[in-house]
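Visitor: Quick one: structure below, then a few questions.
The values are calculated or read from the model by the stated rules, or taken from the named source; none is laboratory data. Quick caveat, the model's predicted, so the values are computed rather than measured. As a convention, Cβ positions derive from the backbone with ideal geometry for all residues, glycine included, and neighbour counts pool all protein chains shown.
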Amino acid sequence: MANTNTSTNASTTTDSMEDKLAVLDAMNTSLGKITNVQTRLTLAGETDLANQLDTHRKALLAQIEELQGKVADQWTVDAATLTERIKEANSDLQDRIRNIKNNVNVANNAVQIIGQIDGALSFLRTVVA
């Protein structure tokens with residue numbers, strides 16, 4: 001989600017199924033973290049932010065499901081690059097969760113997470129040729 005501005009290869013890549021499944025696993029980890037944030041926001045009384053996050057979480061889930069359906073297709077970005085980017089994003093996401101948990105700039109961190117999801121969605125839509 002963070003730093004997802006990577007160039008795509010001119011030709012499609014030939015990643016193994018295992019490589020692609022690792023990408024999907026990392027994306028599901030992101031989804032779990034986002035669900036955690038949504039729950040924390042709801043419990044903190046930040047209903048509007050929780051609802052906004054839920055909308056973006058559902059969009060990410062739909063994108064994950066689309067990629068699951070296209071795991072046998074050629075992808076325009078190699079799986080190793082995707083996995084690395086998602087792991088970096090998950091680390092940033094975990095920092096923001098920690099801030100929310102500690103009541104540090106809750107609204108700002110939630111908005112930043114929503115922005116990360118939007119960036120990831122834009123990038124992930126380009127993965128399957």
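Residue by residue, here is whether (1) closer than 14 Å to Q38 by Cα; (2) not small (G, A, S) holds:
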site	(1), (2)
T76	no, yes
D92	no, yes
R98	yes, yes
N109	yes, yes
I113	yes, yes
Q116	no, yes
A120	no, no
T126	no, yes
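Visitor: Here's another thing I want to ask about it. Restricting attention to the range 79-89, report how many residues are surrounded by 20 or more Cβ atoms within 10 Å (Cβ to Cβ) and among the charged types (D, E, K, R).
Guide: Summing the residues that are surrounded by 20 or more Cβ atoms within 10 Å (Cβ to Cβ) and among the charged types (D, E, K, R) in the range 79-89 gives 1.
Visitor: Tally up the residues in the range 19-37 that are among the acidic types (D, E) and in contact (Cβ under 8 Å) with a residue 60 or more places away in the chain, please.
Guide: To start, the set of residues in the range 19-37 that are among the acidic types (D, E) comprises 19, 25.
Applying the additional criterion that residues be in contact (Cβ under 8 Å) with a residue 60 or more places away in the chain yields 19.
Total satisfying the criteria: 1.
Visitor: Would you check which residues across the range 39-78 are in contact with a helix residue (DSSP H, G or I) (Cβ under 6 Å, 6 or more places away or on another chain) and at pLDDT below 85 and list them?
Guide: V71
Visitor: Those residues that are without any contact (Cβ under 8 Å) to a residue 12 or more places away in the chain, among the charged types (D, E, K, R) and more than 26 Å from M17 (Cβ to Cβ), I need them from the range 38-83; list them, please.
Guide: D48, K58
Visitor: Looking at (1) outside any helix (DSSP H, G or I); (2) of a type in the set (V, I, T); (3) in contact with a Lys or Arg (Cβ under 6 Å, 6 or more places away or on another chain); (4) closer than 18 Å to S122 by Cβ, can you tell me which one I34 breaks?
Guide: Single failed check for I34: (1).
Visitor: A further question follows. Would you confirm, using the coordinates I've provided, whether T126 is in contact with a strand residue (DSSP E or B) (Cβ under 9 Å, 6 or more places away or on another chain), among the β-branched types (V, I, T) and surrounded by fewer than 17 Cβ atoms within 10 Å (Cβ to Cβ)?
Guide: No; evaluated as a whole, the condition is false for this residue.
Visitor: For residues that are of a type in the set (G, A, S) and surrounded by fewer than 16 Cβ atoms within 10 Å (Cβ to Cβ), scanning just the range 1-30, find the one that is modelled with the highest pLDDT.
Guide: Quick first cut of the range 1-30, residues of a type in the set (G, A, S) only: 2, 7, 10-11, 16, 22, 26, 30.
With surrounded by fewer than 16 Cβ atoms within 10 Å (Cβ to Cβ) added as a condition, the list becomes 7, 10-11, 16.
On the way: S7: 40, A10: 37, S11: 38, S16: 81.
Result: S16.
Visitor: Answer yes if at least one residue in the range 90-101 is surrounded by 15 or more Cβ atoms within 10 Å (Cβ to Cβ), under 14 Å from the mean Cα position of the chain (by Cα), assigned to a helix (DSSP H, G or I) and of a type in the set (G, A, S), and no otherwise.
Guide: For the range 90-101, residues surrounded by 15 or more Cβ atoms within 10 Å (Cβ to Cβ), under 14 Å from the mean Cα position of the chain (by Cα), assigned to a helix (DSSP H, G or I) and of a type in the set (G, A, S): absent.
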